[in-house]
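*Asks:* One structure follows; several queries about it will come next.
The values are calculated or read from the model by the stated rules, or taken from the named source; none is laboratory data. Model, not experiment: these values are computed from the prediction. All Cβ positions, glycine included, derive from the backbone under ideal geometry; neighbour counts span all protein chains shown.
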Amino acid sequence: MAETALLELDRVQAWYGASHVLHGISLRVHQGEVVALVGRNGAGKTTTLRTVMGLMPKAEGRVRFAGSDLLPLAAHRRFHLGLAYVPEDRRIVPGLSVRENLRLGLVAAKAEIDERAAIAEIAETFPRLRERLDQEGVTLSGGEQQMLAIARALIARPRMVLLDEPSEGIMPVLVEEMGVLFRRLRDQGKTLLLVEQNVEWALRLADRAVIIDQGEVVHESSAAALLADKDIQDRYCAV
Ligand SMILES: Nc1ncnc2c1ncn2[C@@H]1O[C@H](COP(=O)(O)OP(=O)(O)OP(=O)(O)O)[C@@H](O)[C@H]1O
Ligand SMILES: [Mg+2]
């Protein structure tokens, strides 16, 4: 693993209106690493991802990605740097086919990638989508829509993907498929920041783990160490 951090948050604070939600989050994700970001409901996990992506009304501190300072950049510019985001609510666009939804991932990243080749590559990685390229995206099952949201994030070959609870509400067979996919992405050198409530599942996939609680980092260790530490899991991750 390279020593330089691909993504680095330094004393990041964020607010929704008058509500101060993040109180100085510092964390690093190295190139090629999978980091699980866990913590109980309302801890600030989604807010941390939204801050990185430029979706918070107010944020302070420093966020660096691949050598660029992100906080001064508009949200769409962050996609162009090779950052991709799979939000919790998936945002599959109604009226568009699976193929057209995938195309949006290329448009958002402004990537100079041949569309046919990119869709063929995605179809190979996601057999469930290959069979349904011309079906309307919102008619897929919940799990298939989550796969489509992940595929749309991957299609422009980003350096890093932020995922917000990808396994939520998905049947076990698809969660297992997703685990295989994430392992493959890790083997290919992709960098992932994975927010999950499904803590054990995430820790089995991740290299490192960060716990946040009430908008602060309260624990950082290898994923294996946290997996073995039920006390800390119970203290900070119990729903
Ligand atoms: N749009 C909003 N306006 C005001 N407060 C918000 C808003 N969204 C979230 N919050 C508050 O910010 C805090 C952090 O929320 P966040 O969604 O980041 O938590 P989370 O760790 O992702 O939780 P969960 O596991 O439930 O998804 C919570 O106290 C929440 O109530
Ligand atoms: Mg959340």
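*Asks:* Here are G44, G17: which of them is near ligand 1 (Cβ under 9 Å from one of its atoms) and within 23 Å of D207 (Cβ to Cβ)?
*Replies:* Answer to the check: G44.
*Asks:* Given V218, V175, which one is within 16 Å of ligand 1 (Cβ to nearest atom) and either within 17 Å of the chain's Cα centre (by Cα) or modelled with pLDDT of 95 or more (or both)?
*Replies:* Within the list V218, V175, the selection yields V218.
*Asks:* Before we move on, is T139 closer than 24 Å to H80 by Cβ, among the polar types (S, T, N, Q) and out of contact with any Cys (no Cβ under 8 Å at 6 or more places or on another chain)?
*Replies:* no
*Asks:* Can you pull out every residue in the range 128-160 that is hydrophobic (A, V, I, L, M, F, W, C) and within 14 Å of E88 (Cβ to Cβ)?
*Replies:* A149, I150, A153
*Asks:* What number of residues within the range 147-185 are among the β-branched types (V, I, T) and surrounded by fewer than 20 Cβ atoms within 10 Å (Cβ to Cβ)?
*Replies:* Qualifying residue count for the region: 3.
*Asks:* Return a yes/no flag: does the range 147-158 have any residue that is modelled with pLDDT under 95, more than 16 Å from ligand 1 (Cβ to nearest atom) and more than 24 Å from V52 (Cβ to Cβ).
*Replies:* The answer is no; no qualifying residue exists.
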